[in-house]
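The values are calculated or read from the model by the stated rules, or taken from the named source; none is laboratory data. In this text the structure is predicted, and so the values were computed from the model without any measurement. When we count neighbours, we look across all protein chains shown, and the Cβ atoms used for this are built from the backbone with ideal geometry, even at glycine.
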Amino acid sequence: MPEVREETPLTITETSTPNVILDVQQTSCCIVGGGPTGAVLALILARQGIHVTLLEAHKTFERDFRGDVVHGGGMELLDQLGLTERLLDQIPHSTAKAIQYIIDGQTIPFVEWSHLKGTQYPYMTIISQSRLIQFLTAEAKRYPNFQLRMGANVQQLIEEDGSIRGVRYRGQGGWHEVRSHLTVGADGRFSQVRKLAGMELIETAAPLDVFWFRLPRHASEPEGLFVRLGNKRFLVTYNTYDGNWQIGYYILKGQYREIQAAGIEALRQSIVEVVPEFGDRVQHLESWKQVSFLSIKVGRLDHWYRPGLLLIGDAAHVMLPMGGIGINYGIQDAVAAANILIEPLKHGKVELNHLARVQRQRQWQIQLIQNLQYFMQRQVSIKALQSGYTFKLPIYWGLPPWRDLIARLLAFGVLPPHVKAEYRL
């Protein structure tokens, strides 16, 4: 039986000290991880004349990401950087203005971003993450003080006198070294930098896992994000920029092998039980090779920093996939970090208190949204998977104050950062 593709980190095991370093680069800030978080931080720093090196472990950005969602808050930050008009002109995208629940054929409105006031982006933008990263790094390449190294698999942190002074990575034919005033780990949920630094997530139980796959979408079908419940099934679907439905098929943790053993036909049948209109297209799901499996892991670091080292984005706090907020909160981390660190980096004096300020500004907001995700998971996701057709949404779920609060928190958070006026384009 073919294996389901499981989302795992790209790492190379390397325990020995390199005999030969092919080159040594000096930079002010070395950012590990070329996702949206690292790319936004690198771009802002480069615009301010700071020498920055961005290291990405993969050799190309052309791969299938599952997080192709940028909420209104993230779009506003990109707008403050003068990017959104060209971004949306150049890259195909779609939008979702609401989250709706569908239970036993009944549609129940929930989040409606179109009701939010004071924003230019009252919707969720669905855009290729790979294209987004390429756009951001292309912008950064306009500045001669920016360097992007692809296929750079970081294997060691350089530590001197109790402070991180850079990294060593494998790629391009051997070992390379980047020495820096500050190293930033923005390398995602499986962060290699976090592992090398001996920093461990405080994990919270996440009793759900999810299968990700796509099915064709008919042009006549409505746009939006739909949570579809029924027969102990929990599916999330939203329209993508390329004419498909992106589908998250949630399961209770521990059911992975059982569902896989039942076969792809059983998976197709269970999809149709919840979404009958997909009966005319589930045959496109031909094998497990088209399915990605994500073992949901949730947690956050107690300390995001060490002398000379800062972790942000998923490297510092792994979010639940619920609400698709990962990119948003990662971009917010990058902006908050840039606002605080630009001047210290310009003077080559990044102190521990600067790194602590980044964590103080962001940590409580991350904790709040994670707690909200946990609450929503307990109240809806888990109960729906356990209760089947007897499940009903909590009464307060449909109340406008609750719906508006969730809409704003998902889109912006509590006190979202803004790019400082002097750093805007």
Residue check for Q155: over 21 Å from the mean Cα position of the chain (by Cα) and either under 30 Å from W397 (Cα atoms) or surrounded by fewer than 22 Cβ atoms within 10 Å (Cβ to Cβ) (or both): yes
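Within the range 180-195, does at least one residue satisfy the condition of being surrounded by fewer than 18 Cβ atoms within 10 Å (Cβ to Cβ), more than 30 Å from T95 (Cα to Cα), out of contact with any Asp or Glu (no Cβ under 7 Å at 6 or more places or on another chain) and free of Cβ contacts under 8 Å to residues at least 12 places away in the same chain?
Of all residues in the range 180-195, those surrounded by fewer than 18 Cβ atoms within 10 Å (Cβ to Cβ) come to 190, 195.
Next, only the ones that are more than 30 Å from T95 (Cα to Cα) stay: 195.
If we keep only those that are out of contact with any Asp or Glu (no Cβ under 7 Å at 6 or more places or on another chain) too, we end up with 195.
This time we only want the ones that are free of Cβ contacts under 8 Å to residues at least 12 places away in the same chain, so: 195.
Among the residues of the range 180-195, at least one is surrounded by fewer than 18 Cβ atoms within 10 Å (Cβ to Cβ), more than 30 Å from T95 (Cα to Cα), out of contact with any Asp or Glu (no Cβ under 7 Å at 6 or more places or on another chain) and free of Cβ contacts under 8 Å to residues at least 12 places away in the same chain, which makes the answer yes.
Every residue in the range 327-359 that is under 30 Å from A206 (Cβ atoms), in contact (Cβ under 8 Å) with a residue 40 or more places away in the chain and more than 13 Å from the chain's Cα centre (by Cα), please.
V335, A336, A337, L355, A356, V358, Q359
Here is a check on your reading of the model: is I331 among the β-branched types (V, I, T), buried (at least 24 other Cβ atoms within 10 Å of the Cβ) and within 16 Å of V184 (Cα to Cα)? If you could, list the steps in order and put the result at the bottom.
Working: among the β-branched types (V, I, T): yes; buried (at least 24 other Cβ atoms within 10 Å of the Cβ): yes; within 16 Å of V184 (Cα to Cα): yes.
Yes; evaluated as a whole, the condition is true for this residue.
Does G324 qualify as being loosely packed, with under 15 Cβ neighbours inside 10 Å, in contact with a strand residue (DSSP E or B) (Cβ under 7 Å, 6 or more places away or on another chain) and in contact (Cβ under 8 Å) with a residue 40 or more places away in the chain? It would help to see each step written out before you state the result.
Details: loosely packed, with under 15 Cβ neighbours inside 10 Å: no; in contact with a strand residue (DSSP E or B) (Cβ under 7 Å, 6 or more places away or on another chain): yes; in contact (Cβ under 8 Å) with a residue 40 or more places away in the chain: yes.
The answer is no for G324.
I'd like the full set of residues that are among the small types (G, A, S) and in contact (Cβ under 8 Å) with a residue 60 or more places away in the chain, limited to the range 125-170.
To start, the set of residues in the range 125-170 that are among the small types (G, A, S) comprises 128, 130, 138, 140, 151-152, 162-163, 166.
Answer for the range 125-170, where residues must be among the small types (G, A, S) and in contact (Cβ under 8 Å) with a residue 60 or more places away in the chain: S128, S130, A140, G151, A152, G162, S163, G166.
Hey, among P216, P222, which residue is in contact with a strand residue (DSSP E or B) (Cβ under 7 Å, 6 or more places away or on another chain) and of a type outside the set (S, T, N, Q)?
Working: P222 fails: in contact with a strand residue (DSSP E or B) (Cβ under 7 Å, 6 or more places away or on another chain).
That would be P216, the only listed residue that is in contact with a strand residue (DSSP E or B) (Cβ under 7 Å, 6 or more places away or on another chain) and of a type outside the set (S, T, N, Q).
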Find the strands (runs of 3 or more DSSP E) located wholly in the range 214-266 whose residues include 1 or more that are free of Cβ contacts under 8 Å to residues at least 24 places away in the same chain and crowded, with 20+ Cβ neighbours inside 10 Å, and list them. 233-239
Does any residue of the range 321-339 turn out to be farther than 24 Å from G74 by Cβ and modelled with pLDDT of 95 or more? no
Across the range 404-425, what is the total count of residues that are touching a strand residue (DSSP E or B) at 6+ places or on another chain (Cβ under 6 Å) and among the small types (G, A, S)? 1
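Listed here are the residues, each with its yes/no results for (1) under 29 Å from L410 (Cβ atoms); (2) among the hydroxyl-bearing types (S, T, Y); (3) modelled with pLDDT of 95 or more; (4) surrounded by fewer than 17 Cβ atoms within 10 Å (Cβ to Cβ).
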position	(1), (2), (3), (4)
P9	yes, no, no, yes
S28	no, yes, yes, no
I31	yes, no, yes, no
T37	yes, yes, yes, no
A46	no, no, yes, no
G49	no, no, yes, yes
L83	yes, no, yes, no
D89	yes, no, yes, yes
Please state which of the following conditions K297 fails to meet, knowing it meets all the rest: (1) charged (D, E, K, R); (2) touching a strand residue (DSSP E or B) at 6+ places or on another chain (Cβ under 7 Å); (3) closer than 25 Å to L368 by Cα; (4) at pLDDT 95 or above. (4)
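Among the residues of the range 360-384, which ones are closer than 21 Å to I340 by Cα and touching a residue at least 60 places away in the same chain (Cβ under 8 Å)? Spell out how you get there, then give the answer.
First pass over the range 360-384, keeping only residues closer than 21 Å to I340 by Cα: 360-367.
Across the range 360-384, the qualifying residues are Q363, I366, Q367.
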